[in-house]
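The values are calculated or read from the model by the stated rules, or taken from the named source; none is laboratory data. Everything numeric in this text was worked out from a predicted model, so none of it was measured. As a convention, Cβ positions derive from the backbone with ideal geometry for all residues, glycine included, and neighbour counts pool all protein chains shown.
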Amino acid sequence: MTECLACSRSADASAALARRGLRVTPLRTRVLAALHHAGRPLGAYELFDLLKAEGAASAPPAVYRVLDFLAAQGLVHKLQSLSAYTVCAASDHPHHAQFLICRGCGGVAELETPALDRLAREAAGTGFRVEHMSVETHGLCTGCAATGAGA
């Protein structure tokens, strides 16, 4: 039996935590799995409600702590404009990202953007250490633009 792609990616993210010597708790595993299976960004309370229904989470602060932890590990990103979280498309290396957020279907695509890495290096040249940088771009994906969704 073959494993679904979302399950495989979730397992890879959990394995990355283990390789770093970090605990792979049941809640961390479930949060990763839920985000991978959602296929779209999820708000913390939406994620909590989903996990609570499965009996996997008992309080919103626990979910927030896990999300903060996973973001610090580079496995998820917080989309500030949506107050939602999405899995990192390139969690195997540190990077600055650009997110293309479709206002029609709510889908998100993550792009690695060398220009952002260059900006971080330029900032470092002034003595400023960039801790986090991302760009969130809103518009319509190809599918929504073709069907007129979100018009």
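Numbers at a glance
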item: Set L22, L27, L35: member being touching a helix residue (DSSP H, G or I) at 6+ places or on another chain (Cβ under 6 Å) and either assigned to a helix (DSSP H, G or I) or not assigned by TED's automatic domain parsing to the domain that holds T137 (or both); result: L27
item: Residues of the stretch 102-151 that turn out to be outside any loop (DSSP other than H, G, I, E, B) and touching a residue at least 60 places away in the same chain (Cβ under 8 Å), as a count; result: 1
item: Odd one out for L67 among (1) without any contact (Cβ under 8 Å) to a residue 40 or more places away in the chain; (2) not assigned by TED's automatic domain parsing to the domain that holds A34; result: (2)
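Table: residues versus (1) surrounded by 17 or more Cβ atoms within 10 Å (Cβ to Cβ); (2) touching a Phe, Trp or Tyr at 6+ places or on another chain (Cβ under 7 Å); (3) within 23 Å of Q80 (Cα to Cα).
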position: S10; (1), (2), (3): yes, no, yes
position: A18; (1), (2), (3): no, no, no
position: T25; (1), (2), (3): no, no, no
position: L35; (1), (2), (3): yes, yes, yes
position: A38; (1), (2), (3): yes, no, yes
position: L50; (1), (2), (3): yes, no, yes
